[in-house]
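S.K.: What follows is a single structure, and I will ask about it in a moment.
A short reminder: the numbers here are calculations on the coordinates, not readings from a lab. Computed from a predicted structure; not experimentally measured. Because the Cβ atoms are built from the backbone with ideal geometry, glycine has one as well, and the counts that use them run over all protein chains shown.
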Amino acid sequence: MGESRDTLVSLTGVDLGHGDQVVLPGLHLHLRRGERVALLGPSGAGKSTLLGALRRRLGNRAAWCPQQHGLVPQLAVYHNVYMGRLAEHSALANLWNLVRPLAGPWQEVTELCDELGLDGLMRRPVAQLSGGQRQRVAIARALYQQRALFLGDEPVASVDPHQALRLLALIDHRHATSVVALHQRELALSHFDRVWGLRDGRLVIDAPARDLSLADLDGLYPDADGQRGNAARRGRP
């Protein structure tokens, strides 16, 4: 009973993919309330496919931060963040907000952007921002949705390690449960409760982060063995 109550998503032998193309066959995993999960694996392993499946199953319970940001370049930072809760307002209010920002949302978005280091950029078009700034706008939009779960497809890929830790802390502060695709293996071990590791269309790691090492995570990446071998050969006298 306890597991049933705490399990948010349960996949048991499910094939995941796109149309007729199966990317992750016979997948078994469970997402439980209160878990912070790091999702790792090489490009093409199926991370985005799995996140998409979780989004469909969780619906409007989950905030979403996509890999390509999904921002409107011509619109200001404020309007891009505001879009996270566009459905909560009437069409007339949303139209008016384009011309004259609504006082309440403006204050909320300003405070959130200040926390994300975007202060002073509220009126700047997203097209004029750096890659790291755009990534933070995408995170701000997801946080502004104010949902219990956070799903992110490499949301801290374009920022330095210090900023990545700060952004993950902000995500944790607002979301009891999260699944975040990463490339930073050290962050997966130091900041998350659980790790899901994908390789060759299979879930090969599903374990608490405290039980794993960097060597375990290196095994997810097909080039890791070759790189270590080359490094060892270069070090020979």
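S.K.: Considering only DSSP beta bridges with both partners in the chain, what is the antiparallel share in %, to the nearest 5?
M.R.: On the way: 16 of 33 bridges.
Approximately 50 percent, going by the DSSP bridge assignments.
S.K.: Could you give the angle, 0 to 90 degrees to the nearest 10, between helix 103-115's Cα long axis and the longest principal axis of the Cα atoms of the chain?
M.R.: Compared with the principal axis, the helix lies near 40 degrees.
S.K.: Nearest 0.05, what FRET efficiency do Gln68 and Gln21 give at R0 = 25 Å with Cβ-Cβ as r?
M.R.: On the way: r = 20 Å, r/R0 = 0.81.
Once the sixth-power term is evaluated, E becomes 0.80.
S.K.: I've got another one for you. To check you understand DSSP bridge types, tell me what percent of the beta bridges within the range 92-216 (both residues inside) are antiparallel, rounded to 5. Before the final figure, lay out each step's value.
M.R.: Numbers: 6 of 11 bridges.
Just about 55 percent of them are antiparallel.
S.K.: Calculate one ³J(HN,Hα) per residue across the range 148-164 by plugging θ = phi - 60° into the Karplus curve 6.51 cos²θ - 1.76 cosθ + 1.60, and present them in order as whole Hz with x for glycine and proline.
M.R.: With coefficients 6.51, -1.76 and 1.60, one gets 6, 10, 10, 10, x, 9, 6, x, 10, 6, 9, 10, 6, x, 5, 5, 4 Hz.
S.K.: Which value does Rg/Rh take for the range 101-231 over its C-alpha atoms, Rh per Kirkwood?
M.R.: Working: Rg = 17.4 Å, Rh = 16.6 Å.
Here Rg/Rh amounts to 1.05.
S.K.: Ok, one more. Let's see if you can work this out: charge +1 on each Lys and Arg Cβ, -1 on each Asp and Glu Cβ, no other charges. What is the dipole magnitude of the range 33-234 about its Cα centre, in debye to the nearest 20?
M.R.: Working: 25 positive and 20 negative charges, 87 e Å.
I would put it at about 420 debye.
S.K.: Let me ask something else about it. Over the alpha-carbon set of the range 42-182, divide Rg by the Kirkwood Rh and report the Rg/Rh ratio to two decimals.
M.R.: 0.96
S.K.: Suppose the chain between Arg57 and Asp218 were pulled fully straight at 0.36 nm per residue; how much longer would it get relative to their current alpha carbon spacing? Please list the in-between numbers first.
M.R.: Working: separation 161, 0.36 × 161 = 57.96 nm, distance 3.01 nm.
So the extension gain works out to 55.0 nm.
S.K.: Now, a different point. Report Rg (one decimal) and Dmax (nearest whole number) for the chain, counting Cα atoms only, units Å.
M.R.: In order Rg, Dmax, the Cα atoms of the chain give 19.5, 73 Å.
S.K.: When the Cα centres of the range 141-206 and the range 19-84 are compared, how far apart do they sit, in Å?
M.R.: 11 Å
S.K.: For the range 1-88, what is the Kirkwood hydrodynamic radius in Å, using each pair of distinct C-alpha atoms? Write down the numbers at each step before the final one.
M.R.: On the way: mean 1/r = 0.0650 Å⁻¹.
Result for the range 1-88 stands at 15.4 Å.
S.K.: Sticking with this structure for a sec: What's the angle, to the nearest 10 degrees (0 to 90), between helix 131-144's Cα axis and the longest principal axis of the chain?
M.R.: 70 degrees
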